[in-house]
Amino acid sequence: MRVVLASASPARLRILTAAGLDPAVEVADLDEKAVLDSVAHASVGEKVTTLASAKATTIARRIAGAHPDALVIGCDSMLHLDGELVGKPADADEVRRRWRAMAGRTGELLTGHAVLRMVDGEIDRVAEGHAVTVVRFGEPTNAELDAYIGTGEPLAVAGAFTLDGLGGWFVEGIDGDPSNVIGLSLPLVRRLLAGVGVTVTDLWQR
């Protein structure tokens, strides 16, 4: 059964590859703001899950001809801090503002997940959910933050930080699933796969 990751995130691909899968990658070109606006009054968990589902559904329809019996996994991560749900920062100034707000505090990294099982080119079964991990942020100096921004890394990731990259130097600890902070919760995906009738060990590339 072909597994397709509906995400451009190299970190998500690394997680799945390290965990024994060999997914194809397809990137959904979505108007994420429009999707979020459509669920403006939903909970934060529902918002990230709606984004993940929209990505997975877009890709499932795109690949139906080439991979009619695929499994499509869609994800979307955002940081919840001070009642605000934020994704990737727009520019370096936004990274600085985010880190001034985050430094020495905790936030919640939420990742929405959607797993779609296709049969004969049609979406047959769907399982969705979201995972939450509490992140305890350190307090980088101005020089450290300037250097981090200069690498470009925080501009490419939700919440303007990573756990598995250079940003890991500035994370004091987490409470919850570390793979969720990186971008895809393995325990949750295993449960969602079961929800569409797939045992994860059957997908392992041996």
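Miscellaneous remarks
- Of the residues making up region 167-177, those that are on the phi < 0 side of the Ramachandran plot and surrounded by 15 or more Cβ atoms within 10 Å (Cβ to Cβ) are G167, F170, V171, I174, D177.
- Taking the listed residues L30, L21, the one that is part of a loop (DSSP other than H, G, I, E, B), more than 14 Å from the chain's Cα centre (by Cα) and surrounded by 18 or more Cβ atoms within 10 Å (Cβ to Cβ) is L21, with no other qualifying.
- Test for L192: is it in contact with a helix residue (DSSP H, G or I) (Cβ under 6 Å, 6 or more places away or on another chain) and either closer than 19 Å to K47 by Cβ or surrounded by 13 or more Cβ atoms within 10 Å (Cβ to Cβ) (or both): no
- Condition met for A131 (in contact with a Cys (Cβ under 9 Å, 6 or more places away or on another chain), crowded, with 18+ Cβ neighbours inside 10 Å, outside any helix (DSSP H, G or I) and at pLDDT 95 or above): no
- For region 8-53, the tally of residues that are within 20 Å of M118 (Cβ to Cβ), among the small types (G, A, S) and modelled with pLDDT under 95 stands at 1.
- In region 136-162, of all residues being touching a strand residue (DSSP E or B) at 6+ places or on another chain (Cβ under 8 Å) and more than 24 Å from E32 (Cα to Cα), the one that is surrounded by the most Cβ atoms within 10 Å (Cβ to Cβ) corresponds to F137.
- Filtering region 29-45 to residues that are more than 19 Å from S7 (Cβ to Cβ), free of Cβ contacts under 8 Å to residues at least 12 places away in the same chain and of a type outside the set (A, V, I, L, M, F, W, C) leaves D37, H41, S43.
- Here the condition is being free of Cβ contacts under 8 Å to residues at least 12 places away in the same chain and over 30 Å from F137 (Cα atoms); of A66, A56, A70, it holds for A66 alone.
- Checked across region 93-110, the condition of being at pLDDT 95 or above, out of contact with any strand residue (DSSP E or B) (no Cβ under 9 Å at 6 or more places or on another chain) and under 30 Å from A66 (Cα atoms) holds for no residue.
- Selection of region 97-123 for residues being part of a strand (DSSP E or B) and within 23 Å of S179 (Cβ to Cβ) yields T106, G107, E108, L109, L110, T111, G112, H113, A114, V115, L116, R117.
- Some residue of region 129-152 being of a type in the set (D, E, K, R) and either within 16 Å of the chain's Cα centre (by Cα) or under 14 Å from A11 (Cβ atoms) (or both): no
- Within region 65-76, the set of residues being surrounded by 16 or more Cβ atoms within 10 Å (Cβ to Cβ) and small (G, A, S) comprises A70, G74.
The values are calculated or read from the model by the stated rules, or taken from the named source; none is laboratory data. Since we're looking at a predicted model, the values are computed, not measured. FYI the Cβ positions are ideal-geometry reconstructions off the backbone, even for glycines, and counts take in every protein chain you see.
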